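Data first, discussion second: the structure below is written as structure tokens.
Read-outs: derived from the displayed coordinates by stated rules, not from any lab. In this text the structure is predicted, and so the values were computed from the model without any measurement. Quick reminder, even Gly has a Cβ in these numbers, built from the backbone with ideal geometry, and neighbours come from all protein chains shown.
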Amino acid sequence: MIYAPAAEVPRGLRKPCRVEVKMLVDKNGKIQDAQLGRSTNDICNESAMTVAKKYKFKPETRDGKPSDSWVLVLMDISPN
């Protein structure tokens, strides 16, 4: 992972939450798709999906060439 910004804390969040996001990383390391997985609190889902699109990865390589791949990211979001 090259860049992983923190998710915005949703208004009204009282306890930490964890959101699972599956991301499709293209050969340039950018996110092309993000799918919501499990979540401990639905209030965190929108924030997690918004920030997921900003992540950047070192792309996976196959036969020495960059290629698209899926990665699973667990995001922990805590109130201030």
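Relative contact order of the chain, taken over Cα pairs closer than 8 Å and 6 or more residues apart, is 44 percent. Evaluated over the chain, the count of Lys pairs having alpha-carbon atoms less than 21 Å apart is 16 (only pairs 8 or more residues apart or interchain). Backbone phi angles across the stretch 38-49, fed through the Karplus curve with coefficients 6.51, -1.76 and 1.60 (θ = phi - 60°), yield HN-Hα couplings of 6, 8, 8, 7, 4, 4, 8, 4, 4, 4, 5, 5 Hz in residue order; Gly and Pro are listed as x. For the stretch 25-36, 3J(HN,Hα) computed residue by residue from phi via the Karplus equation (6.51, -1.76, 1.60; θ = phi - 60°) reads 9, 7, 5, 9, x, 8, 7, 9, 7, 9, 10, 6 Hz, glycine and proline entered as x. The dipole here belongs to the stretch 19-77: it is taken about the Cα centre, uses +1 on the Cβ of Lys and Arg and -1 on the Cβ of Asp and Glu, and is about 300 debye.
For the chain, the mean projected area of the C-alpha convex hull, equal to one quarter of the hull surface, is 4.9 nm².
In sequence order, the stretch 66-80 has phi-based couplings of x, 9, 5, 7, 9, 10, 10, 10, 9, 10, 9, 10, 10, x, 5 Hz under the Karplus curve 6.51 cos²θ - 1.76 cosθ + 1.60, θ = phi - 60°, and Gly or Pro positions carry x.
Annotation for residue 68 and residue 53: the two label points, set 7 Å from Cα along the Cα-Cβ direction, are 1.8 nm apart.
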